[in-house]
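One structure is given here, and the rest of the page talks about it.
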Amino acid sequence: MLCRSVCKASQMLSVTPSAVSHALSRLRYSIGDELFIPSQSGMQPTRRALALASAVREGLEKIELALTGKESAPAEALRPFRIGACDYAFMAILPSLVKQLARSAPHVDLRAFPCRRLDMVQQLKKGQVDLVIGRFSKLAKGLSRCTLLWEDEVIVARAGHPLTQNKVTRERLREFPHLVVALNGPEENEAKRFMNDHGVERRVCIECALREFQTEKIDPVGRAAVCLAHFAAMVSFLQLTDMVTTLPRRLALRAAAHARLVLLDLPYPSRTVEIVMLWNQSRYQDRRLPWLVNELAASIVDCG
């Protein structure tokens with residue numbers, strides 16, 4: 001769970017990779033679940049593994065405490081953990097992490113920063129930030145990643161909006177102005193869908209409905225009437241106008257739970273986005289960081 005690698009786990013345990021593989025096979029048979037699945041970014045835990053992680057970790061801590069008399073995990077951290085997060089993560093992921101920590105380590109403090117205002121790579125390498133959460137493709141050397149969840153998109157409009165009366169088509173979608181989130185400024189986002197931060201290629205969010213690729217050709221389906229810098233600001237605009245927007249599904253569900261908004265299916269295949277966490281490999285020997293990575297992974301079960 002901590003290493004996301006059979007080889008790295010074998011080194012930490014001072015046994016052979018074969019011994020770890022055989023032990024994992026016995027666990028899979030005993031529990032009745034794959035537990036960890038190979039992927040391009042390492043051995044990714046299944047939902048069952050994430051659900052077990054917290055209780056297993058607590059059990060191992062108690063055993064270590066009984067044998068050594070020393071705390072093995074930061075039940076009370078000497079300093080707050082610092083997390084850089086995209087706007088989406090602030091709304092959809094961090095609340096679940098705080099809920100998780102309230103149960104497992106209520107005295108641990110968090111400091112969260114918007115990652116678009118940070119030089120993420122340098123902050124991670126210097127240890128000024130422990131984790132970064134967002135959407136990334138290429139990574140700088142020395143950084144590790146773990147997939148937290150996959151997110152798709154839906155159309156959001158006010159209750160009673162004309163678009164809700166009949167089936168949503170591209171033609172009908174073009175009739176209404178769009179509300180979009182341009183996290184780094186509309187001019188930059190219109191020019192390119194990626195932004196380079198010292199070796200980290202970071203996805204920027206331009207509404208999929210306005211720049212959807214079809215048969216290798218961009219097919220704009222609406223007018224971006226208003227561009228905002230934050231997802232949270234969208235609700236008031238949607239409630240008071242006939243504008244529509246495309247939001248990540250989890251954000252859309254949260255917005256609809258607190259406002260008279262409806263979710264509509266896109267008239268084309270939804271883009272699926274990978275949400276990941278990044279950390280500095282060289283700082284992973286500090287046991288507080290693997291603990292935080294584990295807690296964040298376990299908290300995703302509550303994200304829906």
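Numerical summary
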| item | result |
| --- | --- |
| Hits in segment 85-100 - residues which are closer than 11 Å to C115 by Cα and among the aliphatic types (A, V, I, L, M) | A85, A89 |
| Test: residue in segment 76-90 that is touching an Asp or Glu at 6+ places or on another chain (Cβ under 9 Å), among the β-branched types (V, I, T), crowded, with 18+ Cβ neighbours inside 10 Å and at pLDDT 80 or above | yes |
| Options A102, A112: the member that is surrounded by fewer than 16 Cβ atoms within 10 Å (Cβ to Cβ), without any contact (Cβ under 8 Å) to a residue 60 or more places away in the chain and among the small types (G, A, S) | A102 |
| Residue list for segment 143-167, restricted to those being surrounded by 17 or more Cβ atoms within 10 Å (Cβ to Cβ) and either of a type in the set (S, T, N, Q) or more than 18 Å from R4 (Cα to Cα) (or both) | S144, T147, E151, E153, V154, I155, V156, A157, R158, H161, L163 |
| Number of the condition not met by Q285 [criteria: (1) assigned to a loop (DSSP other than H, G, I, E, B); (2) surrounded by fewer than 16 Cβ atoms within 10 Å (Cβ to Cβ); (3) touching a Lys or Arg at 6+ places or on another chain (Cβ under 7 Å)] | (3) |
| Yes/no for A66 being more than 16 Å from S104 (Cα to Cα) and either among the hydroxyl-bearing types (S, T, Y) or at pLDDT 85 or above (or both) | no |
| Breaking point among (1) on the phi > 0 side of the Ramachandran plot; (2) in contact with a His (Cβ under 6 Å, 6 or more places away or on another chain), for D87 | (1) |
| Residues located in segment 12-33, provided they are in a loop (DSSP other than H, G, I, E, B) and of a type outside the set (S, T, N, Q) | V15, G32, D33 |
| Check on A252, under 20 Å from the mean Cα position of the chain (by Cα) and closer than 20 Å to L2 by Cα | no |
| Filter result for the condition that a residue is in a helix (DSSP H, G or I), in contact (Cβ under 8 Å) with a residue 24 or more places away in the chain and within 19 Å of A298 (Cβ to Cβ), over A53, A9 | A53 |
| Unique residue being crowded, with 16+ Cβ neighbours inside 10 Å and within 15 Å of R145 (Cα to Cα) when the list is V293, V235 | V293 |
| Residue match in segment 254-262 (condition: touching a strand residue (DSSP E or B) at 6+ places or on another chain (Cβ under 7 Å) and within 19 Å of F136 (Cβ to Cβ)) | no |
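The rows are residues; the columns are (1) surrounded by 16 or more Cβ atoms within 10 Å (Cβ to Cβ); (2) in contact with a Gly (Cβ under 9 Å, 6 or more places away or on another chain).
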{"position": "S5", "(1), (2)": "yes, yes"}
{"position": "K8", "(1), (2)": "yes, yes"}
{"position": "M12", "(1), (2)": "no, no"}
{"position": "S18", "(1), (2)": "no, no"}
{"position": "S30", "(1), (2)": "no, no"}
{"position": "I37", "(1), (2)": "no, no"}
{"position": "G42", "(1), (2)": "yes, no"}
{"position": "R47", "(1), (2)": "no, no"}
{"position": "G59", "(1), (2)": "no, no"}
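The values are calculated or read from the model by the stated rules, or taken from the named source; none is laboratory data. Predicted, not measured: the structure shown is a model, and the values here were computed from it. Counting neighbours? That spans all protein chains shown, and the Cβs are built from the backbone with ideal geometry, glycine included.
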